[in-house]
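The block underneath contains the structure these notes are about, expressed in structure tokens.
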Amino acid sequence: MSTPVAVLPGQPVAIAPDVHWVGALDPDLRQFDIILRTANGTSYNAYAVRGTDGVAVIDTVKAEFAADFFARLWACCRADEIRAIVLNHLEPDHTGALPELLAAAPQAQVYLSAAALKMLKGIVKDGVDESRLVVVDEDTRVDLGGRSLRFLYTPYLHWPDTQCTWVEEDGLLFSGDVFGCHFCDARLFNDRVGDFRFSFDYYYQHIMRPFREHVLSALDQIEPLPIRLIAPAHGPVLRDAPTSYVRRYRQLATPQLANEAGEHDKTLLVFYISAYGNTARMAQAVRDGAEGVDGVRVSLYDLAGGDAAPFVDLIEEADGLVFGSPTINGDAVKPVWELLSSLTLVKVKGKFGAAFGSYGWSGEAVGLIEDRLRGLKLRVPRPGVKVKLIPTDEELAACTTLGRELAEHLVGRAAPRHIDFTAPGALTA
Ligand code: FEO
């Protein structure tokens with residue numbers, strides 16, 4: 001196959017016979033969606049697939065780049081040839097040009113997931129004629145004449161609506177954000193562009209990682225496919241060794257800790273930071289209490305001595321988390337918040353959590369941490385321990401009990417809890 005060496009203004013790029021990239025390059029972007037940084041900008045990849053009976057357009061581009069998209073699209077098809085508009089994902093970086101495309105090709109049917117249907121009104125404010133909308137499932141086939149589209153149900157990668165589109169005749173997977181990255185290079189193909197491995201992994205870590213279980217389910221569907229080409233929604237088109245990127249996703253999404261801890265062990269992480277050693281002593285007592293429970297592997301970390309990132313890796317695979325912080329100026333201290341704010345990168349819902357800490361006169365830190373843990377949908381089965389200044393032996397024993405009881409929850413041996421519904425916070429603890 002002969003391909004151009006670079007993306008040229010207004011020109012589509014053939015990625016397979018009668019399949020063209022009609023996207024847009026955004027080389028100057030340095031921050032995406034506020035949360036992601038990119039040293040190399042990004043691309044908004046859209047595609048046109050031609051069969052003997054018509055053309056399918058797979059996704060569009062961010063609104064500011066609509067002119068680039070339409071220039072390329074109209075260079076490879078007429079509007080009245082478009083039979084299908086496939087929406088693999090509704091985020092505005094892929095649907096910015098959709099309203100104009102819908103108007104330009106009024107005969108085209110729109111193929112989208114059931115979840116996307118619910119979100120479409122929020123994206124296309126003027127609405128879309130319902131007779132044009134086709135909710136797909138795994139049995140849906142769009143026959144373009146000589147090639148057909150099928151759809152893979154891959155929700156939460158990284159929105160509820162996300163799906164992939166498969167062209168069996170070409171071994172071609174339009175993967176949406178999956179296998180994408182924010183890396184703009186006009187040479188377009190993975191065997192031509194610069195080294196983008198860091199960008200690929202970074203994208204996974206920040207976009208897909210919180211949905212690891214969904215990634216693994218999607219891979220179960222994708223891995224058996226005889227893939228010859230992956231065309232993602234961002235970054236290079238993966239034509240050289242495309243399945244190596246599938247394998248990389250499998251590696252990134254596979255829990256590693258199972259190799260370290262016993263197969264049936266639960267893991268409890270105790271994080272603390274201490275100004276005068278009081279919260280540190282409490283942390284040790286929490287650890288001691290948890291260690292007395294069979295089947296629980298306990299680790300203790302002083303946040304004064306580490307960055308958040310490696311701790312996030314540990315937290316992703318842990319079963320329980322305990323945070324200890326002194327109260328300074330009515331709040332938990334910054335290293336604790338830095339770690340807690342990093343937890344949006346991983347799935348923590350359903351893990352067990354608790355808090356403790358020493359304080360001088362007000363002691364808000366423990367409650368604030370517990371609120372954050374609940375906000376992240378951790379289970380906080382018992383109230384934390386607050387100690388005024390130096391912990392007594394009795395107060396250290398309360399910390400030991402906290403550790404032990406939390407560990408018992410991890411292994412399913414916690415004593416039944418009696419709730420006093422008249423107590424403040426009884427229904428949220
Ligand atoms: Fe590239 Fe989730 O949009």
Checklist line | Which listed residue, of R197, R209, is in contact (Cβ under 8 Å) with a residue 24 or more places away in the chain and basic (K, R) | finding: R209
Note to self: If I ask for residues that are outside any loop (DSSP other than H, G, I, E, B), in contact (Cβ under 8 Å) with a residue 40 or more places away in the chain and either more than 16 Å from the ligand (Cβ to nearest atom) or among the basic types (K, R) (or both), which ones from the stretch 218-237 would you list?
What the structure shows: Q221, I222, L229
Notebook entry, point to check: So which helices (runs of 4 or more DSSP H) stay within the stretch 62-179 end to end and still have 2 or more residues that are modelled with pLDDT under 95?
Noted result: 114-123
Margin query: So if I check each of L112, L90, L120, L101, which one is within 16 Å of the ligand (Cβ to nearest atom), among the hydrophobic types (A, V, I, L, M, F, W, C) and under 19 Å from E64 (Cβ atoms)?
Written below: L90
Note to self: Testing D68 on (1) among the acidic types (D, E); (2) closer than 27 Å to R150 by Cβ; (3) more than 14 Å from the ligand (Cβ to nearest atom), one condition comes back false. Which one is that?
What the structure shows: (2)
Check: Name the helices (runs of 4 or more DSSP H) wholly within the stretch 244-351 that hold at least 1 residues that are of a type in the set (K, R), touching a residue at least 60 places away in the same chain (Cβ under 8 Å) and within 18 Å of P383 (Cα to Cα)?
Finding: 278-291
Note to self: Of everything in the stretch 69-81, what is in contact with a Gly (Cβ under 8 Å, 6 or more places away or on another chain) and either more than 23 Å from V167 (Cα to Cα) or surrounded by fewer than 22 Cβ atoms within 10 Å (Cβ to Cβ) (or both)? Give them in sequence order.
What the structure shows: A71, A75, E81
Next item on the list: Considering each residue of the stretch 123-167, count those that are within 16 Å of the ligand (Cβ to nearest atom) and acidic (D, E), and give that number.
Entry: 1
Note to self: Considering only residues that are open to solvent by 60 Å² or more (accessible area, probe 1.4 Å), within 16 Å of G324 (Cα to Cα) and outside any helix (DSSP H, G or I), which ones fall in the stretch 369-396?
What the structure shows: P383, K386, K388, L389, I390
Note to self: Between a residue in the stretch 396-412 that is under 10 Å from R382 (Cα atoms) and any residue that is basic (K, R) and part of a helix (DSSP H, G or I), which pairs come within a Cβ distance under 8 Å, given they are 6 or more apart or on different chains?
What the structure shows: none
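The values are calculated or read from the model by the stated rules, or taken from the named source; none is laboratory data. Nothing here was measured: the structure is a model prediction, and the numbers come from that model. Glycine gets a Cβ as well: all are built from the backbone with ideal geometry, and neighbour counts include every protein chain shown. Accessible surface areas use protein heavy atoms only, side chains included; no ligands, DNA or RNA. Shrake-Rupley method; radii C 1.70, N 1.55, O 1.52, S 1.80 Å.
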